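This report concerns only the one structure given below.
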Amino acid sequence: METRFDHKQVEPKIYQSWEKSGFFNPDKLPAKGKPFTIIMPPPNANGSLHIGHALFVTLEDIMIRFWRMRGRKTLWLPGADHAGFETQVVFDKKIEKEGRNRFKIPREKLWQELWRFTQENKKIMEGQLRSLGASCDWSREKFTLDPDIIEKTQETFIKMYEAGLVYRGRRLVNWCVKHQTALSDLEVSYIERKDPLYYIKYGPFTLATVRPETKFGDTAVAVHPGDKRYQKYIGKEIEAEDLLGPIKLKVIADEAVDPHFGTGVVKVTPAHDPTDFEIGLRHKLEVRQVIDKFGRLNEKTGRYRGLKVAEAREKVASDLKERGLIKKIDEKYVHSIATCYKCGSVLEPLLLPQWFIKMEGLAREAIKVAESGKIKFYPERLKKVYLHWLKNIRDWNISRQIIWGIRIPAWHCECEPENWRVGTKAPRGKCPRCRSSWTEDPDVFDTWFSSGQWPFLSLGYPKSRDYKTFYPTDVMETGWDILFFWVARMIMLGLYRTGKIPFKVVYLHGLVRDKDRQKMSKSKGNVIDPLGVADIYGTDAVRMALTIGSLPGNDPIISEDKIRGYRNFTTKIWNASRFVVTGYDAKLKVRPRYSPNDRRHQKQLAEIKKRVTKDIENFRFHHAAETIYHYFWHTFADKIIEESKSRLGGENEADKAAAQETLLKLLKESLKMLHPFMPFVTEEIWQRLPRSAKAPRGKPSLLMVEKW
RNA sequence: GGGUGAUUAGCUCAGGGGUAGAGCGCUUCCCUCACACGGAAGAAGUCGCAGGUUCGAAUCCUGCAUCACCCACCA
């Protein structure tokens, strides 16, 4: 054996030998055990893998390798995600740098560019997954825009539409002015901000608002029904002087008004505030839109037309002040405002018709399977978070005004924009009324609508053999940050479409942080590139560093020091093994005479193995890894090998044989236990074990498929 | 406004009713025939605070503090 373990040279070679063996594919395994399946969370095909991907690869590969060695028919199905909006954003930035603008590129051309872009990234990503050691079945790899995925996704939508679960909603949506698309409630990021709170005079009232610029859209003034101060006004109309002349507003009473806030009076702007919109519905108020899709005031605002919201706010406030219509300004008012989770710009609530999914019934089923324990959560506390969200769920806006995604299969005619026909093909003929032909909805689905169907769609639902064999899957391993986005939707849509749970266990890992607990992000410049560090210290070291100190739901902290520490462990494994292997005397034919100590070592190892096995079965990977780490270094290497030295050099051949056989046995078992965590170095050593030990009948054998 | 988690050695974290654990760092000695990416020895913590349960609590319970995060239509 070489004196040093050269990971750069060994890793690609080892991966190739695994891949060539075909054992990533469960059909090629001799295993007769029941299936064990993990559907890989498909990484976004819009960039390189980051350390978070390395974490999921490590954890999933540990499970996959472990269960494969235990004889289960093991499938890990890889994939890549077109990642609709996310990719659109990344791509927008890229072409912006080239001085181009997506809104000026024809749909067809833009689509082709995005397609090429994602295909290139996908290819890079596949190579990266390989170098991380992912033992997934590449023959089954899926892309989220594969034709069958598109077809079935649209089918689900149509089915839901026909069942009355999908409707065209006229309500306020979260509109991102920069990205020119609506977002779901989950994609809204609330931030605290200090804004002036203006106390404005409205005829007999003074009322508080942070958005004076929306006053042109006011269609009522509201008070709390029980507020004694304002009883006499309820139901009446008030007249007020205003910037564009006198106005008349109805005074209404609504429970949504907090009598203790401000003066207890609010202006109601149904078109531009979610609460006001609800109030408007209850009181049948006019919805007067005064802000457009670009965040500018429109023609209903007279001389303010064309101003951006922020500019208009200042202008309106100063004009009001000039006319003595502002009573006071509270400069210290802190409130939270809705922003786009991607670009941080303030979202404009806009009234736009979009496709919504009714969530209540779907959620009810998803609650049941968690409460009954049919689906288990690791860590369990996140089940509470999951349940809380589902119990307060709101309808889901699935329309996105981008082009990168799966087209919503719906058609409308010219005469009535809201006269919809749902179906993958345009309705036959022309609209009977206006004689115009049908226009396809330009919108695409929220990516999570299709991702939410990934477990069964990627397995070829409903007819394939794979679906019948591997569904429901065993474990869904992903980050806790997408518990609502993805996990909850997979459970709801899986139950809806297949009638079965999509997986039995949800394991949620944390977000990788740097040593200052900061989230890693490109803008902070604290990103650890997993492939970069793997190149320096070896993939096994990176995997080990990610495993230890990463327990479910907790954010692991990773630093280069830590990785270096496990590189040292890799070296330790190599050297200890080298001692055992090169010192092994195959010509020694004496029957070994085992000492009580030898037996004690064997027993101890069996005990360790039991604990490690149990830990892995219970998703305590960090603990399993630590146990085996500690055993190998401080028991096997420091004690047992040291003890054996005198025996190996001694005259007593039977004792010498016992010593070397014991070492070899302990080493073999240790390598097996280490393999799921550190597959490369263990496999490489396995291939160099004394011949008789590793392949009794001369057959080539891979540690990857050894019996655990 | 609700909710969750964290608080253990200088740092990062395990552990968990019965005389405190690991890695990194630090100190001393050792390039001993697997390994200096190493070995041996060692210093280091009243386990956030205050109560309670218990023969016994860092570990269970209650309250508090600080930090972090999640959820929520605060005009």
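Couplings for the stretch A:161-166, taken from phi via the Karplus curve 6.51 cos²θ - 1.76 cosθ + 1.60 with θ = phi - 60°, read 4, 5, 7, x, 8, 10 Hz in order; Gly and Pro are left as x. A:ASP474 contributes about 20 Å² of solvent-accessible surface, heavy atoms of the protein only, 1.4 Å probe. A Cβ-based charge dipole, computed about the Cα centre of chain A with Lys and Arg at +1 and Asp and Glu at -1, lands at about 1660 debye.
Suppose a student asked you for the relative contact order of chain A, using Cα pairs under 8 Å spaced at least 6 residues apart; what percent would you report?
Details: 1236 pairs, mean separation 109.7, N = 708.
In percent, rounded to a whole number, it is 15.
If you sort A:TRP708, A:TRP480 by accessible surface, 1.4 Å probe, largest first, the order is A:TRP480, A:TRP708. Put +1 on the Cβ of each Lys and Arg and -1 on the Cβ of each Asp and Glu in the stretch A:280-413; which of A:GLY302, A:ALA312, A:VAL385 then has its Cα farthest toward the positive end of the dipole? Working it through, the farthest residue towards the positive pole turns out to be A:VAL385. A Cβ-based charge dipole, computed about the Cα centre of the stretch A:46-197 with Lys and Arg at +1 and Asp and Glu at -1, lands at about 80 debye.
Amide H contacts for A:PHE36 (H built 1.01 Å from N in the peptide plane; partners 5 or more residues away or on another chain; cut-off under 5 Å): A:LYS73, A:THR74, A:LEU75. Taking the Cα centre of the stretch A:540-625 as reference, the dipole from Cβ charges on Lys and Arg (+1) and Asp and Glu (-1) amounts to some 680 debye. Spin-label pair A:LYS639-A:ASN652: with each label point 7 Å from Cα along the Cα-Cβ axis, the two points sit 2.0 nm from one another.
What a 1.4 Å probe finds exposed on chain A is 50% carbon and sulfur by accessible area, rounded to a whole percent. Annotation: amide H-H contacts under 5 Å for A:VAL506 (H modelled 1.01 Å from N, sequence separation of 5 or more, or interchain): A:LYS376, A:PHE377, A:TYR378, A:MET476.
Which GluC sites (Glu not before Pro) does the stretch A:567-672 hold that lie in a coil by DSSP with at most 15 other beta carbons within 10 Å? Could you put the intermediate results ahead of the total?
Values: sites: A:GLU607, A:GLU617, A:GLU626, A:GLU642, A:GLU643, A:GLU651, A:GLU653, A:GLU661, A:GLU669; in loops: A:GLU651.
Answer in residue order: A:GLU651.
For A:VAL334, A:VAL265, the ranking by accessible surface with the largest value first comes to A:VAL334, A:VAL265, using a 1.4 Å probe. Heavy-atom accessible surface of A:PHE103, to the nearest 10 Å², is about 110 Å², with a 1.4 Å probe and all protein chains retained. Across the options A:ASN44, A:PRO78, A:TYR631, the greatest Cα extent toward the positive end of the charge dipole of chain A (unit charges at beta carbon of Lys, Arg, Asp, Glu) belongs to A:TYR631.
Loop-resident GluC sites (Glu not before Pro) (DSSP state other than H, G, I, E or B) in the stretch A:347-394 with no more than 13 further Cβ atoms inside 10 Å of their Cβ: A:GLU380.
The helix-only estimate of mean residue ellipticity at 222 nm for chain A, built from DSSP H runs of length n ≥ 4 each weighted as -39500 (n - 2.57), is -12000 deg cm²/dmol after division by the residue total. Length available on full extension from A:ARG107 to A:ASP185: 0.36 nm per residue minus the Cα-Cα distance, which gives 25.4 nm.
Please compute the per residue accessible area over the stretch A:65-147 with all protein chains in place, 1.4 Å probe, rounded to a whole number of Å². On a per-residue basis, the stretch A:65-147 sits at 42 Å².
Here the Karplus curve 6.51 cos²θ - 1.76 cosθ + 1.60, taken at θ = phi - 60°, turns the phi angles of the stretch A:399-405 into couplings of 8, 10, 8, 10, 9, 8, x Hz, with x standing for Gly and Pro. Working from the Cα coordinates of chain A, the gyration tensor eigenvalues give, after taking √(5λ), semi-axes of 62, 28, 22 Å in decreasing order.
Which one of A:GLY460, A:PRO417, A:HIS179 has its Cα pushed farthest toward the positive end of the charge dipole of chain A, where Lys and Arg give +1 and Asp and Glu give -1 at the Cβ? Comparing the listed Cα positions along the dipole, A:GLY460 ranks first. Once backbone amide H atoms are built at 1.01 Å from N, A:ASP555 has A:LEU511 as its partners under 5 Å, excluding neighbours fewer than 5 places away on the same chain. Over all Cα atoms in the stretch A:24-175, the spread is summed up by Rg and Dmax: 19.2, 58 Å. Our coupling estimate for the stretch A:208-214, obtained by passing each phi through the Karplus curve with A = 6.51, B = -1.76, C = 1.60 and θ = phi - 60°, is 9, 8, 9, 10, x, 5, 8 Hz, Gly and Pro reported as x.
The values are calculated or read from the model by the stated rules, or taken from the named source; none is laboratory data. A quick note: this is a predicted structure, and the numbers were derived from the prediction, not measured. Note: ideal-geometry Cβ built from the backbone for every residue, glycine included; neighbour counts use all protein chains shown. SASA here: full protein model, heavy atoms, side chains in, ligands and nucleic acids out. Shrake-Rupley method; radii C 1.70, N 1.55, O 1.52, S 1.80 Å.
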